[in-house]
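Encoded as structure tokens, the structure appears first; notes follow it.
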Amino acid sequence: MIDLRSIQKPLKNHYREDERAAQITLTAKGSQTGTPLSCSVDIGRAIYAAEAHQGVGGAGTAACSGDLLLGALSACAQITCQMVAAAMGVPVERIEVTVEGDLDLRGTLGVSREAPVGFQAIRVRFDLDAPEATEEQRAKLREKAEQYCVVMQTILHPPAIETTWAG
């Protein structure tokens, strides 16, 4: 088992001593491909193919942006829950996070002014197999996993988004 506390201790100490060291900027860059229905997304460590959803004309062979958003939430919730369980010493056999989101494609296609653009509902399901965990451990795990999930907290409390256009 990984000793998460010993891995994170020097990081936490460093961030306590130098708050600026904890301030990071993540970057994702989309670039066009040969069709207006797809793009590549470069996150610096990997490049992903993305395309429009089939419901708006895409081929359905790559993730759409909604898939990527839900995938980011699922990955963040999954890893956060695993890390919190490890840090708390909660005996867990399996954690699995499933995220679903509901869209009305009429909004994004401009078919209906009443149909909103974007997700109307997002559901996050944590499936936890932890037969030896106490109810108190489960409750604390739930609280802390949701509290420290960066993507979930960003969606729940959205930051201001600034757009600029160059060229």
| note | When restricted to Glu143, Glu114, Glu136, the only residue over 22 Å from the mean Cα position of the chain (by Cα), in a helix (DSSP H, G or I) and free of Cβ contacts under 8 Å to residues at least 12 places away in the same chain is Glu136
| query | How many of the residues in the stretch 38-66 are loosely packed, with under 15 Cβ neighbours inside 10 Å and of a type outside the set (Gly, Ala, Ser)? | reply | 7
| What is the residue count in the stretch 90-105 for residues that are over 20 Å from the mean Cα position of the chain (by Cα), modelled with pLDDT of 95 or more and surrounded by fewer than 16 Cβ atoms within 10 Å (Cβ to Cβ)? | 2
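Can you find a residue that is assigned to a strand (DSSP E or B), within 28 Å of Gln120 (Cα to Cα) and in contact (Cβ under 8 Å) with a residue 24 or more places away in the chain anywhere in the stretch 76-95? Don't jump to the end; show me each part of the working.
Taking the stretch 76-95 as the starting set, the residues that turn out to be assigned to a strand (DSSP E or B) are 94-95.
From the residues that got through so far, the ones that are within 28 Å of Gln120 (Cα to Cα) too are 95.
Going one step further and asking which of them are in contact (Cβ under 8 Å) with a residue 24 or more places away in the chain, we end up with 95.
Checked against the condition, which is being assigned to a strand (DSSP E or B), within 28 Å of Gln120 (Cα to Cα) and in contact (Cβ under 8 Å) with a residue 24 or more places away in the chain, the stretch 76-95 yields at least one hit.
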| field | Condition met for Tyr15 (hydroxyl-bearing (Ser, Thr, Tyr), surrounded by 11 or more Cβ atoms within 10 Å (Cβ to Cβ) and part of a helix (DSSP H, G or I)) | value | yes
| query | Here are Ala130, Ala166: which of them is out of contact with any Gly (no Cβ under 7 Å at 6 or more places or on another chain) and surrounded by 12 or more Cβ atoms within 10 Å (Cβ to Cβ)? | reply | Ala130
| request: Kindly provide the set of residues from the stretch 117-133 that are assigned to a strand (DSSP E or B) and not basic (Lys, Arg), ordered by number. | output: Ala121, Ile122, Val124, Phe126, Asp127, Leu128, Asp129
| So which of Ala87, Ala139 is at pLDDT below 95 and over 30 Å from Ser31 (Cα atoms)? | Ala87
| Are any residues in the stretch 29-48 out of contact with any strand residue (DSSP E or B) (no Cβ under 6 Å at 6 or more places or on another chain) and either among the basic types (Lys, Arg) or closer than 15 Å to Leu68 by Cβ (or both), and if so, which ones? | Ile43, Arg45, Ala46
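The values are calculated or read from the model by the stated rules, or taken from the named source; none is laboratory data. These numbers come from a predicted model, not from an experiment. Using ideal geometry, Cβ is built from the backbone for each residue, glycine included, and neighbour counts are taken over all protein chains shown.
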